[in-house]
Structures are given as structure tokens and as C-alpha cells.
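Nothing in this text is a laboratory measurement; each read-out follows from the coordinates by a stated rule. The structure displayed is predicted, hence computed values, not measured ones. Neighbour counts are summed over all protein chains in view; Cβ atoms, including those assigned to glycine, are modelled from backbone coordinates with ideal geometry.
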Amino acid sequence: MSEARPEPGRVTISDPQVMRALAHPARMAIMEHLSATEDGATATECAEIAGLSPSATSYHLRELAKFGLIEEAPSRGDARERVWRAVSPSYYIDSGQDADSETRAAELALVDAHLARDGQRARDWIRRAADEPREWYEAAWFSDSVLLLTAEELAGLNEQVQALLEPYRKRLRADPPAGARKVAVQYRTARYAPSARRPPLRRRPRTRSVLGSWPLPSRPGEQVATPGDTVGSWLSKSPAPGSDTSSSSTVCRSTGG
């Protein structure tokens, strides 16, 4: 499993101890910040990103340095403050298909941490979308597709997407154009497993309460539409039974509540 094919200078992580060290929200935030900052940052500056105190952030910085992910950068002139920088602007996770159970579990923990962060970013955007400037509201785009590809075609698609993204990644290190802001881009591809699909939606009898009408508890494994579900939101959860998913796509522009 990989984010992209390894590039020159990119750190490859296969050690389960390093994976566990990274599977922490504060450390992921610190790594993301340092990877996008060529001149590095101090513990105080990283603390603002991680939402921790400078002393707690210093501990996480030392741990990341211990595993070779960051290093001390040249001093800014104040010997009391240590400056840290990422060893590489990105890292590549590859446990290998023959990895043992310990390594596999560590990789899954790191992936889960990334998925939780990415999901939270998407939810945060939906919550505040109505208050965003119109141009950013219109530009936001959520898309989910199931494609029919060979392994070679998938590898080629990944390379094409990475090539499209690369010039914009460099904006984090060069002088960005006026109006540029950081944008979260989440890209993943993997062979689709039909057996992992959710069971069909079934409507359950409803009961009235002082708070309104809500479904009764469902049987184990049964999917029940909730008051917040719409046709669009449910389609994003589960394909219709018997449907052809070889070229299906769910696209959602942020609607701002």
C-alpha cells in the first residue's frame, strides 16, 4: 500500500515502531506543518498547529527526531529555541505484502489515524461551508467513484493524478499567487471488494416522541435510514441492490447545511 510511488528523497517507512510513533494526531499535524515549511519551525510554532503546550510539543518533536523523521535545522540566532525541519517533504508507507501481523497492525493504526483526520476535515468544511466566501464554496468538490480498470491502468491513473498535483504541492515552498490558501486533497485508490458493501436499506416502523419521529432500533447488521438521510446521502453510503457499480460515481458539492 502506498501514497504514491517512491520518489527520490522520500522517506520510506516500513518499521512498525515508526508507524506507531506517527499514528498520533499531534504528530501528524506537526509532520504536515514541517513538511510544508522549508525553514523549519520551533516547538512554540508547532504547538499552535498541534493545539498543545510548547513543552508537550517538544516531547513529540524529540520522539519524531528519535525515529529519524525530523532533524534540527540551523539556528535562527536564538540558542534557547531549537528549530526543527522534516527530513523529507513526504513519506511513503510500505509494510510489504509479506509483513508480519505486528507490522500489519501498526500500518492499520496509522492508516486509521489518517482516515480519521481526513474525515474530520471534510466534516469541518460541511459545517462551515455556508459562511465561506462564495468562490471557495463553489470551488469545493467531493467525489467518489468506482471504476473498471486493470492493475496497469490503475497504476497509470495514479501516476497521472500525482503529476497533476505536483506543481501545486510546490506552492507550499515557493511564493504562492495572491489569494492562494491551503486546500485538503484526499486521494485513494484500491481494488473494490463487493462483499464489503452494506446490506440494503430497509425502512423501519417509526415511533413518535416529544422530539419528533425517529426509527425504532434496527436488527443487527440492518441499515436504517435516519431523519438526516436524503437520497443523495444514502447513495453515497451504499449502492442500490443489483446495480452496476463498474462506473458509478457519487459527487457532492458542499451545500452548507
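Put simply, the amide H of Ile70, placed in the peptide plane, has neighbours under 5 Å in Ala65, Val87, leaving out anything fewer than 5 places away on its chain. Per-residue Cβ neighbour counts within 10 Å put Leu110, Leu52, Leu148 in the sequence Leu148, Leu52, Leu110, beginning with the fewest.
Over the stretch 127-191, the alpha carbon radius of gyration divided by the compact-protein estimate 2.2 N^0.38 Å works out to 1.43.
Across the stretch 96-102, rounded Karplus estimates of 3J(HN,Hα) from the backbone phi angles (6.51 cos²θ - 1.76 cosθ + 1.60, θ = phi - 60°) give x, 6, 9, 5, 7, 5, 5 Hz, Gly and Pro being marked x. Of interest is the spacing of the C-alpha centroids, which for the stretch 16-90 and the stretch 172-191 amounts to 21 Å. If you take all other residues with their beta carbon under 12 Å from the beta carbon of Arg117, and give Lys and Arg +1 and Asp and Glu -1, the sum is -1. By the beta-carbon count within 10 Å of each Cβ, the least crowded to most crowded order of Arg134, Arg188, fewest first, is Arg134, Arg188. Close amide-amide hydrogen proximity is noted between Val83 and Ala73, each under 5 Å apart and 5 or more residues distant or on a separate chain (H modeled in the peptide plane; Pro and chain starts excluded). Against the empirical curve 2.2 N^0.38 Å, the C-alpha radius of gyration of the stretch 11-132 lands at a ratio of 1.16.
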